[in-house]
Every structure is written in C-alpha cells, then in structure tokens.
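Data first, discussion second: the structure below is written as structure tokens.
None of the figures in this text is laboratory data; all of them are computed from the coordinates on show. Being a predicted model, the structure only gives us computed values, none of them experimental. So basically every Cβ, Gly included, is an ideal-geometry build from the backbone, and we count neighbours across all protein chains shown.
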Amino acid sequence: MGLTDKREELLKQLPIIQTEVRRSKDGKYLIHRTTITHIKPMSYYKAILDNTVTVEEESIKDLQTALEA
C-alpha cells in the first residue's frame, strides 16, 4: 500500500530530523546529537522580511503602571 500524493507532499514539507549517537573520545560520555533541518523557499523568507512592523519604544515604568492598574 503506497502513500497518496497528498500525504507525500505533506511529508516533503516536514523538517528533516537526523540523530547521531556516539561515545566521546575519552569514553566517559555518550553524545546524542539531534539536527533539525527546515527547507523553505526563498519567497517565504522574502515575504517575512518585506512585512515591516513598526515598534514603538515604551518606558518600563509606563508598562509597570499599566500592569498594576
């Protein structure tokens, strides 16, 4: 039983997770390394970078006053 085209496309979009387990050079430790790789099209990042958000600085005292109210 094979995967449907929709399921295959979904799996292609998921991050690639790789694990490596090895012993340290001196043999005292077990090293377990996990690498997560996300692959996104450049258009995704361009859309994020083009979406400019203005940030206004506020005094911490103003925020504390607002929280206490």
DSSP-loop chymotrypsin sites (Phe, Trp or Tyr not before Pro) across the chain, with at most 16 other Cβ within 10 angstrom: Y29
Along the chain, longest interval not containing exposed GluC sites (Glu not before Pro), exposed being DSSP loop plus at most 14 other Cβ atoms within 10 Å: 1-55
Rel. contact order, % - alpha carbon contacts under 8 angstrom, at least six apart, the chain: 22
Within-13-Å neighbourhood charge of L63 [Cβ basis; K, R +1; D, E -1]: -4
Spatially proximal lysines relative to K12 (Cα-Cα < 22 Å; intrachain offsets below 8 disregarded): K40, K46
Length released on extending from R23 to T37, taking residue separation times 0.36 nm less the Cα-Cα span: 2.7 nm
Surrounding net charge for K40, when Lys and Arg each add one and Asp and Glu each subtract one, Cβ distance under 14 Å: +2
Answer label, with volume of the Cα convex hull per residue in Å³ calculated from the coordinates and candidates (1) 123; (2) 330; (3) 83: (2)
A47-L14 FRET efficiency (beta carbon distance; Förster radius 30 Å; 0.05 resolution): 0.90
GNM result for the chain, Cα springs below 10 Å: residue of T54, T35, T19 fluctuating most strongly: T54
Top of L30, L14, L49 by mean-square fluctuation, Gaussian network on the chain, Cα under 10 Å: L30
